[in-house]
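Colleague: The structure is given below, and queries will be raised subsequently.
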């Protein structure tokens, strides 16, 4: 296995990790901003107020995006396992 192929696999793994984390992070960011605006408008300074909406948004995001995320991860893992015989030379 050449250093270039190792770097390529590492780059692909990092790209996949970012791609899989993005929907959850964006949902959490959007809900956090909405709750922050609501707290600023109503002057409610409760730190735990945003926890439940974020958990619900992330659960909904996982339900919607979960099959796609699992397919991407399975595809990447399959490519890695299928590439093992070629990497041993």
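Any read-out appearing in this document is the output of simple, stated calculations on the displayed coordinates, not a laboratory observation. Model, not experiment: these values are computed from the prediction.
Colleague: Give me the extension gain from residue 20 to residue 7: residue separation times 0.36 nm, minus the current Cα-Cα distance, reported in nm with one decimal.
Modeller: Stretched fully, the residue 20-residue 7 segment lengthens by 2.7 nm.
Colleague: Expressed as an acute angle from 0 to 90° and rounded to the nearest 10, what is the orientation of the C-alpha long axis of helix 3-42 relative to the principal long axis of the chain?
Modeller: 10
Colleague: Further question: I need the P(r) histogram for the chain: all alpha carbon pairs, bin width 10 Å from 0 out to the longest distance, whole percents.
Modeller: In order of increasing distance, the bins hold 15, 32, 22, 17, 10, 4, 0 percent.
Colleague: Per DSSP H run of n ≥ 4, the term is -39500 (n - 2.57); total these for the chain, divide by its residue number, and report the mean residue ellipticity at 222 nm rounded to 500 deg cm²/dmol.
Modeller: -30500 deg cm²/dmol
Colleague: Tell me, in nm to one decimal, what length is gained between residue 68 and residue 34 on full extension, where the rule is 0.36 nm per residue of separation less the Cα-Cα distance?
Modeller: Answer, rounded to one decimal: 9.6 nm.
Colleague: Still on this model: Given Cα pairs under 8 Å that are at least 6 residues apart, what percent is the relative contact order of the chain?
Modeller: With pairs under 8 Å counted, the relative contact order is 39 percent.
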